[in-house]
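*Asks:* One structure, as structure tokens, below. Some questions next.
The values are calculated or read from the model by the stated rules, or taken from the named source; none is laboratory data. Note that this is a predicted model, so its numbers are computed, not measured. Counting neighbours? That spans all protein chains shown, and the Cβs are built from the backbone with ideal geometry, glycine included. Protein only, heavy atoms only, side chains kept; ligands, DNA and RNA dropped before computing areas. Shrake-Rupley method; radii C 1.70, N 1.55, O 1.52, S 1.80 Å.
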Amino acid sequence: MLNISFFKESELSSDKLQRLETFVEWFKQNIKGDEKGEGQIFFDRLFQAFGNAGVKEVGAVCEERVKKRKGTTGFADLVWRPRVIIELKKRNEPLNKHYDQAFEYWMTLVPNRPKFMILCNFDEFWIYDLNTQLNDPVHKLKTLDLAKEWPALAFLFPSEERPVFNDNNVEVTKQAAEILGSMFLSMTEREVSPVVAQKFVLQLVVTLFAEDVDLIPQNTLFKILEEAVKNPVSQKELSNLFIAMSTEGTKSKPNKYKDIEYFNGGLFDKVEAVELSFEELDLLYEASKQDWSKVRPSIFGSIFESSMDQNARHGHGIHYTSELDIQKIVGPTITKPFRERIAKAKNKKDKQEILKDIREFKVLDPACGSGNFLYIAYRELVRLELEVLELIDKNFISSQIRFAEISPKNFYGIDTNKFGIELAKVSLSIGRKLAADEFGLHDKVVPFDNLDANFQNSDALLNPWPEVNAIIGNPPFLSSKYMKVEMPVQYVEDVRSHFKEVPGRADYCVYWFRKAHDHLKDGQRAGLVGTNTIRQNYSREGGLDYILSSNGVITEAVGTQVWSGDASVHVSIVNWIKGREESKKKLYFQNGDKLDSPWEVIEQDHINSALSTSLSVSSAEVLKSSIDPKKCYQGQSPGSEGFYVGKNQYSFFLDKSINSKEVLHPFLIGREMLSTEGKPTRYIIDFKNMNLLQAKSY
């Protein structure tokens, strides 16, 4: 990753550098930090420093009206589409308090949503690239250092130069994930048990992180690896370190590990010696050089996916979800309802009641994977708790001893992948340390919470769910026609028997929508991702039609968007409440087939089950011509590849028995009609309405 310090002042032309230095001098002499009185001239001079004629001249708008939830209007301090939105606060104002306000503005600014978001209090700029990294700034710079650190704001130049950031945690995370993923694959290729390899890699992840955030003495692991690269026999010290992390007290620890705290959490309950190859040691040594304090729990999703067989991932519809897409659920389902209550709070008693509810709030992800949804939800609830504490006690923000009571034990997950469950536990444990550092908390991070009771390694559709206040997640993507191909037939039959009211041709994710709504109590909310077929035909009937007809109200939704993960699909995102919701509802659409295609947002009183602005079709009656059609517009869609027969196999069957021709038919699609002049290259077995005995005669 390119570091900002590599840029020298001489790389700017002398006149550009002079303008930036002149701006800094003007700033020091003239700005007192009054956002209302000095905001617009500050913006104007800043834009001129980067070579623009001024704010108005480039088409930027100060105090742009932005519609907020509940139909109210906010005013974004500066919007320059499609480059940047800047939210300006008074001097010394803590910027982290205003992230949510700016993020809500950014989400609403469609089409031509700005690429970047900036929080500024005159003295400092926090720069965000929300399309790649949520919550954490990709760069922080002081105004007085602008002439040195200008590359982070290079997008303000008239030519919109590419910016360079020094806190791109996503890039650090990807690099670290790729290294450890490669190490894991190498271990399994030489037949180390996948279970052993997974746990070993996970223990390494925690240790690498712990070393860089001072949970264990600095360079403890690095020195072990440095020696192991020279002398592979010394890698046995890894096991000694892990054992020290799993041991309470200091009596049974070697002197060099006396300062290692007890980590608990079940992760180090079993330490197995794994002998690494030279290549694996080199990879691990390289991983230890990364700045693990910048690695975010999204790494666990990457490791989780790289450690699974690709066929297993496809068969169970497992796909990684970006933080921005997670926020499209966590925001409307968890954060916004609490913020609306906070805005209405009239006295200290109201605020204390909200604080109590936040601290007791429980969240479930019934397809939790590696826990990314739960981690984001945890972080948002900690932020909410601290904001309410500050409203109750104005001195809380400046207090030297600050604690949060929200803990990982408020969060629950279910998944069929045992390793994913372990990843989720670690995500929340590390998330607690990250939140403590971000918000200046004195929370005790280790030993890790024992979360065994919070997570179930089971099938969510066929087993009971814990009682919670909100349900969030990304259920598996799988079309109905592939369910019996990718999954055991008996399992599919069990699911369909368990949900008899769901049409058999509904997609797999629909069952999660159905069960989630049935599990909610009045006033509780859910938010789930689904393929965009959930708003169509059988899937709509089994899921969203049912929700709306069963006391459900869709509060905010994405009708369709390009999926940010590696699945080549469009998705829909639905947030709903079981009960009443009087406020305006927001419906988002992405118009196009690319990740950066433009967006539009529509506010309306009601969102229908088709997630459309058009008339709802949920109550439409089936036409007689559809029940008894005269023409067929789609050929056969075999349920299994086993029904296809190649030319050689076709000839073989006919040689064995000429009667085989009665059930073997040419199979052509458009591609074959064009490329083979209409001559079949394969055939299909069709027994029509024969019984099993008749079919066996062939």
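*Asks:* When a/c is below 1.5 the answer is rounded, else prolate if a/b is larger than b/c, else oblate, so apply that to the stretch 137-279 with a ≥ b ≥ c taken from the square roots of the Cα gyration tensor eigenvalues.
*Replies:* Note, shape of the stretch 137-279 comes out prolate.
*Asks:* Based on alpha-carbon positions alone, could you give the equivalent ellipsoid semi-axes of the stretch 356-441 from the gyration tensor, as √(5λ), descending, whole Å?
*Replies:* The equivalent ellipsoid of the stretch 356-441 has semi-axes of 27, 13, 8 Å.
*Asks:* Can I ask one more? Taking only the C-alpha atoms, wrap a convex hull around the stretch 513-585 and report its volume per residue in Å³ as a whole number.
*Replies:* In the stretch 513-585, the Cα hull volume divided by residue count equals 90 Å³.
*Asks:* Now a separate question. Probe 1.4 Å, all protein chains in place: accessible area of Lys481 in Å², nearest 10?
*Replies:* Taking all protein chains as shown, Lys481 has close to 120 Å².
*Asks:* In terms of the Cα gyration tensor, with a ≥ b ≥ c the square roots of its eigenvalues, is the stretch 491-621 rounded because a/c is under 1.5, prolate because a/b exceeds b/c, or oblate?
*Replies:* oblate
*Asks:* Take the alpha carbon atoms of the stretch 30-81, find their radius of gyration, then divide it by 2.2 N^0.38 Å using N residues; give the quotient.
*Replies:* Ratio of Rg to 2.2 N^0.38 Å for the stretch 30-81: 1.29.
*Asks:* Another question about this same structure. Can you pull a Stokes-Einstein diffusion coefficient for the stretch 544-603 at 25 °C (0.890 mPa s), Rh from Kirkwood over Cα pairs, as a whole number of µm²/s?
*Replies:* Translational D for this selection: 194 µm²/s.
*Asks:* Here is a further query. At q = 0.16, 0.18, 0.27 Å⁻¹, what log₁₀ I(q)/I(0) does the stretch 473-554 have when each alpha carbon counts as one equal point scatterer in the Debye sum?
*Replies:* Normalising to I(0) and taking log10 leaves -0.56, -0.71, -1.45.
*Asks:* Also: How long are the semi-axes of the equivalent ellipsoid of the stretch 424-494, taking √(5λ) for every eigenvalue λ of the Cα gyration tensor, in whole Å from largest down?
*Replies:* Each semi-axis is √(5λ); the values are 36, 14, 11 Å.
*Asks:* Okay, moving on. Distance between Cα centroids, the stretch 209-282 to the stretch 148-185: provide it in whole Å.
*Replies:* Their Cα centres are 30 Å away from one another.
*Asks:* Now, a different point. Express in whole angstrom the spacing between the alpha-carbon centres of the stretch 541-608 and the stretch 401-436.
*Replies:* Between the Cα centre of the stretch 541-608 and that of the stretch 401-436, the gap is 28 Å.
*Asks:* I'd like to know how the stretch 218-258 sits against the 2.2 N^0.38 Å rule of thumb: what's its Cα Rg over that expected value?
*Replies:* After normalising by residue count via 2.2 N^0.38 Å, the value is 1.19.
*Asks:* Another question, then. Compute the distribution of all C-alpha to C-alpha distances in the stretch 159-205, in bins of 10 Å from 0, and list the percent of pairs in each, rounded to whole numbers.
*Replies:* Percent of pairs per bin, in order: 23, 37, 19, 13, 7, 1.
*Asks:* Right, next: Distance between Cα centroids, the stretch 513-535 to the stretch 74-144: provide it in whole Å.
*Replies:* 32 Å
*Asks:* Let me ask something else. How large is log10 I(q)/I(0) at q = 0.06, 0.09, 0.10 Å⁻¹ when the Debye formula is applied to the Cα atoms of the chain, each weighted equally and without solvent?
*Replies:* For the requested q values the scattering log ratios are -0.43, -0.92, -1.10.
*Asks:* On a 1.4 Å probe surface of the protein chains, which of Arg432, Arg682, Arg580 comes out largest in accessible area, and what is the full order?
*Replies:* Values: Arg432 35, Arg682 55, Arg580 185 Å².
The ordering from most to least exposed comes out as Arg580, Arg682, Arg432.
*Asks:* Using the alpha-carbon atoms, what tilt in degrees (0 to 90, nearest 10) does helix 372-392 show relative to the longest principal axis of the chain?
*Replies:* 40 degrees
*Asks:* How many nm is it between the label spots at Lys481 and Arg190, if each spot is 7 Å from the Cα in line with the beta carbon?
*Replies:* 4.6 nm
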